[in-house]
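Engineer: Pasting a structure here, questions to come.
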Amino acid sequence: MDATPSPLSPVQSSPAQPVQAELVQAQASAPLRRLPWDITPSLKEERLVALSRLASAVRNRVIAEANREEGDTNWGLACKAHERLGHALSRAAELGEVPWLTVNRDGLYLMPLIEGTPIRIYRGLAERPGARHLDALRAESERAQPVQKQTCFSFMDMAPAAPVEVVEDGPWYWLLALETDIEGRVLRAVYFQSNEAGDARHHWVVPSEEALEAQGHVGTSLLPAPRTPSKEGRAPRGRKLRAAGIASSGGEHAAQ
């Protein structure tokens with residue numbers, strides 16, 4: 001008797017088919033990763049790159065200047081990096097060359113904003129930010145909301161209230177995580193969104209300098225230009241050496 005199954009007989013599914021079906025279903029249900037400027041148009045790529053470059057350069061310079069033998073600790077270096085970052089951001093905003101950048105700074109509080117969108121910068125993994133970072137973003141967002149005129153009765157309001165945008169699991173805030181090595185040097189910078197529950201989504205890793213150059217990326221730099229002494233007011237060489245107590249003939253070589 002021929003054991004060949006009829007074309008109308010049910011097909012036996014292989015063990016791999018349920019696994020593939022579950023994988024396809026999981027991919028379909030996973031949230032679609034979107035780029036920052038697709039979600040918030042003001043967060044253009046060149047702006048995000050400029051901000052991350054400044055934050056990374058400031059921190060890496062502090063780490064490079066550290067002297068562990070003289071007592072520099074991770075805590076002290078973190079404080080210095082935070083203060084220098086605040087100074088660098090404030091200086092870049094005050095120069096007016098990047099009108100999209102504003103900085104709210106009050107004591108140790110520091111929050112850069114790109115066209116009104118606050119971005120919290122912190123050292124750590126781009127996973128679940130601490131509650132203090134989310135609290136700062138919430139307060140900053142509430143501060144940026146316009147104050148509506150209050151009336152005694154709701155029917156006295158001539159203009160209808162603007163509809164409140166309902167965001168799933170929101171509101172969502174933007175953060176910049178500086179992921180570092182054990183010494184504190186920045187390995188990579190990651191932008192992402194987080195909500196009140198600490199969930200993270202839409203991660204975007206800032207490309208490396210080499211990758212950006214290969215793409216022909218030309219962006220804005222927030223780093224201060226190197227200072228070059230002006231020729232006006234520069235003391236003659238002989239006068240400068242005499243003021244330092246060094247003879248201009250042979251003493252210059254002796255001091256080296």
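Engineer: Given 0.36 nm per residue, what is the gain on full extension from Glu115 to His87 after removing their alpha carbon distance, in nm? Walk me through the numbers on the way to the answer.
Structural biologist: Values: separation 28, 0.36 × 28 = 10.08 nm, distance 1.94 nm.
That pair, Glu115 and His87, stretches by 8.1 nm at full extension.
Engineer: Full extension from Glu65 to Ala197: what is 0.36 nm times the residue separation minus their Cα-Cα distance, to one decimal in nm? List each step's numbers first, then the result.
Structural biologist: Details: separation 132, 0.36 × 132 = 47.52 nm, distance 3.76 nm.
Between Glu65 and Ala197, full extension yields 43.8 nm more.
Engineer: Quick one: putting +1 on the C-beta of Lys and Arg, -1 on the C-beta of Asp and Glu, what dipole do you get for segment 50-106 around its Cα centre, in Debye to the nearest 20? All intermediate terms of the calculation are to be shown ahead of the outcome.
Structural biologist: Working: 8 positive and 8 negative charges, 36 e Å.
Charge dipole, segment 50-106, about its Cα centre: 180 debye, nearest 20.
Engineer: Order of 34-42, 83-91 by packing, highest average Cβ count within 10 Å first?
Structural biologist: Descending mean neighbour count gives 83-91, 34-42.
Computed from the coordinates by the stated procedures, all read-outs in this text should not be read as laboratory data. Note that the structure is a prediction, hence the values are computed from the model and not measured. Note that we place each Cβ from the backbone using ideal geometry, even for glycine, and neighbour counts take in every protein chain shown.
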